Amino acid sequence: MQRVMVSSCLLGRPVRYAGDAEACDHPALLRWTADGRIITFCPEVAGGLPTPRPPAEIQEAAGGPRVLRGQARVVDALGADVTAAFVAGARQAALLARAHGVRVAVLKEGSPSCGSGYVYDGSFSGTRVESVGITAAALQDAGVRVFSEHTIDAAAEYLEHLDREAAGELRPADGDTDMSRRPSGNPAAPVPTTLRSHRAGCVGPHGHAGPTATRPRKESDVNDDYQDDVDIRLWSDDDLPLLERLMGDPAMTAHLGGPEAAEKIRERHGRYLHPEHSGRGRMFAIIVGPHGVAAGSVGFWAREWRGHHVWETGWSVLPEFQGRGVATRATVAVLKRARAAGTHRFIHAFPSVDNAVSNSICRKAGFILQGVVDVEYPKGALMRCNDWRLDLLDGSPQVSAS
């Protein structure tokens, strides 16, 4: 199935510079969401910029391709040079697209990152110039055809063409690779010159995260057929943008009491970097595919549970990587780390009772259900959770097909 990359703000997520969204209710977006096609992404947040933030524009009417070539800058309304963050987000978008074989993107028009028909000229006067944004240029260079919220019908038509082509009903269109680089999905438009080229969720007793968090999906969507490699690495200072996506998204924190404020996310980032300050254990970034794309977080930490000292674990995986067994494989990997660490025999996980996916992950990873318990999260409130336990002395953790 062909995936579609969509700007997070078009899906109602408040990640725009003003802290708002530009939600689009086009039927195609709703259909693609139901089909599990959408990969949501905000390059500016991924590049490390906060929300809200001053508006920014590409200077001297240069356009995104020249920024990628190092020939132009992006400056915000306060005069700060934010080029590096915009380029970093664009590069991440291109890596993500390549990892998933994305050939269609629907991005926010006019944005210095996502514009596909126009951007602003850098004077902050509302003057438009015909060009593409930085992320749009990077995606076009990766073979992705970029559309806007105004050309979703054309995007849906092209996606249908790709589906029929993949099913063997059509021959690949002549020149399709070049057409995929044209702005707004318009074959007649000029081709722009582009560069070639946790515990997840809530705060627990020791200041780590609390009950496990995976964005709600149908349990039948969870499988272990994901072909890309899944690995974990120690949490690093560069992972703050990842944590902002994991903990700042209402959908990602639906089972955890809602998104955290930016200050709280930065505090959490500090705890992930220095777990020795808040209890033993380790936090890791989940890494997926040949390009090493960061897909989520997973970790384990010490806590006292019913008079015993135990490990606890939790995870959080970005929406575009869900339903592919990534969380299960990452959990098994972190269980092996906890087993190697010794100290405690048992490790627990506490997903919400209504989080079918996270409960399924516990079962697949070999945990045994102990019963239903009340866990304090957020502070001062009780969350109804399942208590899953695994004996770390009982062999090496493996993924179960059950």
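Numbers at a glance
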read-out: Region 229-291: Rg to Rh, with Rh as the Kirkwood radius over Cα pairs; value: 0.99
read-out: Ranked by how many other beta carbons lie within 10 Å on average, peptides 110-117, 364-371 from highest; value: 110-117, 364-371
read-out: Radius, Kirkwood style, for region 4-185 when every pair of distinct Cα atoms is counted (Å); value: 16.2 Å
read-out: Region 262-397, relative contact order [Cα under 8 Å, separation at least 6], %; value: 17 percent
read-out: Fewest-first ranking of 265, 286, 134, using other Cβ atoms within 10 Å as the exposure measure; value: 265, 286, 134
read-out: Residue order, fewest to most surrounding Cβ atoms within 10 angstrom, among 30, 242; value: 30, 242
read-out: Relative contact order [Cα under 8 Å, 6+ residues apart], region 4-185, whole percent; value: 21 percent
read-out: Over region 1-67: Rg over Rh, Cα atoms, Kirkwood Rh; value: 1.05
read-out: Cα gyration tensor, region 219-391 - rounded (a/c under 1.5), prolate or oblate; value: rounded
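Read the figures in this text as sums done on the coordinates, not as results from a lab. Nothing here was measured: the structure is a model prediction, and the numbers come from that model. Quick reminder, even Gly has a Cβ in these numbers, built from the backbone with ideal geometry, and neighbours come from all protein chains shown.
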